[in-house]
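Everything below concerns the one structure shown next.
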Amino acid sequence: MLRVGLTGGIGAGKSEVSRLLASYGALIVDSDRIAREVVEPGTPGLAAVVAEFGDAILTPEGALDRPRLGAIVFADPDRLAALNAVVHPLVRARSAELEAAAAPDAVVVHDVPLLAENGLAPLYDLVIVVDAGTDTRLDRLVRLRGMTHEEARARMTAQATREARLAVADIVIDNDGPLEALEPQVAKVWQQLRERSAGDR
């Protein structure tokens, strides 16, 4: 099994790279998706978040009000750290379960937005960083995700610097351009991963 960490700043296009790798046959362990699952209504995770932040972060239906919680934590590093202290151990445990169920020759790609921030690079056989310039990322967040410039900058500032991410990279995928330029790069990386996986057996 080859364990790969995949990361990139918000708006860099990491999700698109993850989708392409999945289409080639990678097993994707998506930390963001798991982070949503572990705080679904009725879970111990949601109860722990409410204990930390109060009932105000719930919708009338009892689900997590993500925009409200996001407005709190992305404006205050201490509150973000408090949220991470609740959610990250739950995500790690679920990720380990999914990986344990993978085939021995699988390429397991852990899609981890905060890989650099949390010093997780040593956990993987290699790390792929999806990279795009600040202006490109800002444009995507505003144009494609409907954020204001202020919201987008706050999300970007809450993450590691571009330099910090690149410092942990074994492979860098440049996604400053159009989708057509991304796909050949990912196909080439997938070939490298399969060769590495075969060599490890």
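The values are calculated or read from the model by the stated rules, or taken from the named source; none is laboratory data. Because the structure is a prediction, the values reported are computed rather than measured. FYI the Cβ positions are ideal-geometry reconstructions off the backbone, even for glycines, and counts take in every protein chain you see. Note: areas computed on protein heavy atoms with side chains; ligands, DNA, RNA excluded. Shrake-Rupley method; radii C 1.70, N 1.55, O 1.52, S 1.80 Å.
Within region 173-199, residues that are hydrophobic (A, V, I, L, M, F, W, C) sit with their Cβ atoms under 6 Å from residues that are part of a loop (DSSP other than H, G, I, E, B) and crowded, with 16+ Cβ neighbours inside 10 Å, at 6+ positions apart or across chains, in these pairs: Leu182/Asn175. Screening region 3-82 for helices (runs of 4 or more DSSP H) wholly inside it with 3 or more residues that are more than 26 Å from Val109 (Cβ to Cβ) and over 16 Å from the mean Cα position of the chain (by Cα) returns the ranges 44-53, 66-73.
Residue pairs whose Cβ atoms lie under 8 Å apart, separated by 6 or more positions or on different chains, with the first residue in region 85-104 and in contact (Cβ under 8 Å) with a residue 60 or more places away in the chain and the second of a type in the set (Asp, Glu), are Arg94/Glu37. Checked against the criterion of being in contact with a Pro (Cβ under 8 Å, 6 or more places away or on another chain), more than 11 Å from Gly11 (Cβ to Cβ) and of a type outside the set (Lys, Arg), region 165-181 has no qualifying residue.
Condition (residue is touching a residue at least 24 places away in the same chain (Cβ under 8 Å), surrounded by fewer than 19 Cβ atoms within 10 Å (Cβ to Cβ) and over 19 Å from Ser23 (Cα atoms)) applied to region 124-132: is it met by at least one residue? Yes, region 124-132 has at least one match. Scanning region 30-79 for residues that are open to solvent by 70 Å² or more (accessible area, probe 1.4 Å) and touching a Gly at 6+ places or on another chain (Cβ under 8 Å) yields a single hit, Pro41. Picking from residues in region 143-183 that are touching a Phe, Trp or Tyr at 6+ places or on another chain (Cβ under 9 Å) and closer than 20 Å to Asn84 by Cα, the one that is surrounded by the fewest Cβ atoms within 10 Å (Cβ to Cβ) is Thr157.
Scanning region 18-44 for residues that are in contact (Cβ under 8 Å) with a residue 60 or more places away in the chain and among the polar types (S, T, N, Q) gives Ser18, Ser31.
Residues in region 5-17 that are at negative phi and open to solvent by 10 Å² or more (accessible area, probe 1.4 Å): Ile10, Lys14, Ser15, Glu16. Does Phe53 fit the bill of being over 26 Å from Val127 (Cα atoms) and among the aromatic types (Phe, Trp, Tyr)? Spelling it out, Phe53 is indeed over 26 Å from Val127 (Cα atoms) and among the aromatic types (Phe, Trp, Tyr).
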